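Below is one structure, written out as C-alpha cells; the observations come after it.
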C-alpha cells in the first residue's frame, strides 16, 4: 500500500512539473523553429490583425505533400492563426462581423478555401493524430471563401501572411511557389 501511495505521489509531481515547466519549454522551442509573426492594417476605417507562426520550407515539398490537398490545415505552425477585425468587413464578397477568429484553409491545386471560425483552440491539431487532424469545430465556422491559386516563379522560404494594398486591400498568403489573395472591403 505504501508503494502505491508513493507511486501516485511521484506521478502527480511529474505531471505537475510537465504542465508547469515542460509544456511552456516545449512551446518556446517550437516558436524558435516557426517564429510568431503579426501583420496589421489600420487604414480606411479598418483595424485588422493576423497572428501566425511561420514555418520554413527547408527543401521540402510543401503543398500536396507536407500540407495535403483537400484537407483542412490549421494554416501555419504551433497555435492556430488568428484574424481580428475591429469592424464589420467584407471578405471575398461575404460579410464578416467584427471579432477575432481562428483562420483555417483547405489547400487545393487550383483553389483554396479560407475558413473563419469563432472558436480558437489551444493548439489546433489533435495530439493522438500526430498533428494530422485539426481540432477545429466545423459548427463554429462563420465564413468560408474560396480564392484561386497563383503560382510564383521563385519559392518563398517561410510562410508569409500579410495585407497588400493595390487598387484594393487583400489578405495575402504566400509560401513555396503558391500565393493567394483574398479581397477585403469595409
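Condition check ((1) at pLDDT below 90; (2) assigned by TED's automatic domain parsing to the domain that holds residue 72; (3) farther than 19 Å from residue 34 by Cβ) across all residues:
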site	(1), (2), (3)
121	yes, yes, no
134	yes, yes, no
139	no, yes, yes
160	no, yes, no
170	no, yes, yes
178	no, yes, no
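Hey, can you tell me all the residues within region 135-165 that are loosely packed, with under 14 Cβ neighbours inside 10 Å, touching a strand residue (DSSP E or B) at 6+ places or on another chain (Cβ under 9 Å) and not in a strand (DSSP E or B)?
137, 138
I'm trying to understand the selection: among the residues of region 65-100, which are under 18 Å from the mean Cα position of the chain (by Cα), within 26 Å of residue 36 (Cβ to Cβ) and part of a loop (DSSP other than H, G, I, E, B)?
Result: 65, 66, 68, 71, 72, 74, 75, 76, 77, 78, 79, 80.
Being free of Cβ contacts under 8 Å to residues at least 40 places away in the same chain, over 16 Å from residue 172 (Cα atoms) and in the same structural domain as residue 134 (by TED's automatic domain parsing): is that true of residue 77 here?
On the way: free of Cβ contacts under 8 Å to residues at least 40 places away in the same chain: no; over 16 Å from residue 172 (Cα atoms): yes; in the same structural domain as residue 134 (by TED's automatic domain parsing): yes.
In short, no.
Of the residues that sit in region 1-57 and are surrounded by 12 or more Cβ atoms within 10 Å (Cβ to Cβ) and farther than 30 Å from residue 173 by Cβ, which one is modelled with the highest pLDDT?
The residue in question is 18.
The values are calculated or read from the model by the stated rules, or taken from the named source; none is laboratory data. Predicted, not measured: the structure shown is a model, and the values here were computed from it. Positions of Cβ are backbone-derived with ideal geometry, glycine not excepted, and every protein chain shown enters the neighbour counts.
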